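Worksheet: one structure, shown below.
Nothing in this text is a laboratory measurement; each read-out follows from the coordinates by a stated rule. All of these numbers come straight from a predicted model, not from anything done at the bench. Glycine also receives a Cβ, built like all others from the backbone with ideal geometry; neighbour counts cover every protein chain displayed.
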Amino acid sequence: ARERLEKGSPEFSDSADTILAILRSQEVVPYKRRSVNGELHKMVAGAIVEAYDRDTTIDVASRHQGTFSYYGYSTKIVEYLDKAVAKDLLLSQTSRAKGKLSLGPLLLDYLDYYSA
C-alpha cells in the first residue's frame, strides 16, 4: 500500500481517502493529530484498499508491539485494527485483530461502488 500511495495512483488514492473517511467517521482512527499521524492513518486505509484489490485478507500474524516496532511500523496499527474489528469494518474469527481479517460489508460496498 505504501508503494502505491507514494506512486500517486489517483484511483488508489481516492479509494484510500474514502476508506479513511469511513475509519474517521467510525472513530477507528482519531481526527486529532491528523497533521502528525495522517500518513499512518492513510497507510491503514491503503492497506484495506490493497487487500480489496488483491481479493485477499489482512493477515495479522503477531500482535506483539516489538515486532511492529522492529519492522518500522507504528504500534498504533493493532489498536486501529482492533477498533475496525469492533465496528465490523473488518471481520475476524476472534473479537480482536488477529489472524486473517476480511473486509466487512460496509467497506466492501464502498469499494465495490468505487471500482465499478
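Quick notes on this one:
- Length released on extending from residue 11 to residue 70, taking residue separation times 0.36 nm less the Cα-Cα span: 18.1 nm
- Computed from label points 7 Å out along Cα-Cβ, the spacing between residue 114 and residue 62 is 3.1 nm.
- At the listed q of 0.12, 0.17, 0.19 Å⁻¹, the Debye profile of the chain, built from one uniform point per Cα, gives log10 I(q)/I(0) equal to -0.38, -0.81, -1.03.
- The chain: most fluctuating residue of 31, 71, 52 per GNM, C-alpha cutoff 10 Å: 71
- Span-rule helices in the chain, defined as complete DSSP H runs reaching 20 Å or more along the axis (Cα) with Kyte mean at least -1.0: 10-25, 34-53
- Distances between placed amide hydrogens fall under 5 Å for residue 90 paired with 85, 104, all partners being 5 or more residues away or on another chain.
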